[in-house]
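What follows is a set of notes on a single structure, which appears directly below.
The values are calculated or read from the model by the stated rules, or taken from the named source; none is laboratory data. A quick note: this is a predicted structure, and the numbers were derived from the prediction, not measured. Counting neighbours? That spans all protein chains shown, and the Cβs are built from the backbone with ideal geometry, glycine included.
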Amino acid sequence: ITIRRATVDDAQAMQNANLTNLPENYSMKYYLYHLLSWPEASFVAVSTDVEVAEQDEESDNANGKGDVQYVVGGKNEKIVGYVLGKMADDDSEEDKTPHGHITSLSVMRSYRRMGIAEKLMRLCLFVLCEGYKAEYVSLHVRESNRAALHLYRDTLEFEVLSVEKSYYQDGEDAYYMKKVLKEDE
Ligand code: ACO
């Protein structure tokens, strides 16, 4: 698994991962808005396992190269996780302090519990702080989302600031969480 900065070319795969993993979905325009406005603030985790094409057993065995695998298609990446980050840009917001926001984070089911989400989040927090000068970062998470709450509260030391009643379309409440960032930490 490799983690790298997300580009506009990744928008479709990020949207697909989001549709698979979360009920909160966004338009393609909103992904592109993130990737174009804050090009350093979003990351993808990619699996570079290559697909093995057919193997010509006879000729391989004949010259003693039975393990040689032929690969087709060149670059062969699969997006297994992403974090979509931004700076707050809503003029109507009360808090004018420069701050970042985590719009969405998810990791495909078979790649969970490997530390991928933590790495994605730490990279995003670092760039929002050092690159975009965010003084803190905020996010919303479902009250029932144990895995994400553990990651934010226990691993990354976000604090719950408030409960936003019926924040989600299905009526569930959200924890509004925040982490103060300090440069060079
Ligand atoms: N239950 C309890 N703790 C968990 C769980 C779980 N199911 N999953 C992960 N954790 C803990 C890990 O043990 C680890 O803790 P540690 O630091 O004490 O060792 C920590 O959380 C980080 O674990 P990672 O392996 O980095 O997390 P992972 O890559 O599995 O991804 C995530 C976690 C993103 C929440 C994943 O479960 C997921 O994609 N869930 C569905 C989508 C989702 O809920 N996204 C977050 C929505 S909120 C938002 O987008 C702002």
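List of remarks:
- Close pairs (7 angstrom Cβ cut-off, 6 or more residues apart or separate chains): over 18 Å from residue 151 (Cα atoms) in segment 169-184, exposed (fewer than 13 other Cβ atoms within 10 Å of the Cβ) anywhere: 172/144; 173/163; 173/165; 173/166
- Residue in segment 18-41 that is modelled with pLDDT under 95, polar (S, T, N, Q) and more than 24 Å from residue 183 (Cβ to Cβ) present: no
- Residue in segment 107-125 that is surrounded by fewer than 17 Cβ atoms within 10 Å (Cβ to Cβ), at pLDDT 95 or above and within 15 Å of residue 39 (Cα to Cα) present: no
- Counting the residues of segment 86-133 that are part of a strand (DSSP E or B) and near the ligand (Cβ under 10 Å from one of its atoms) gives 7.
- Of the residues making up segment 11-37, those that are loosely packed, with under 15 Cβ neighbours inside 10 Å, of a type outside the set (Ser, Thr, Tyr), part of a helix (DSSP H, G or I) and within 16 Å of the ligand (Cβ to nearest atom) are 16, 19.
- Contact annotation: residue pairs with Cβ atoms under 6 Å, 6 or more positions apart or on different chains, pairing a residue in segment 144-157 that is without any contact (Cβ under 8 Å) to a residue 40 or more places away in the chain with a partner that is more than 8 Å from the ligand (Cβ to nearest atom), are 152/158; 152/177.
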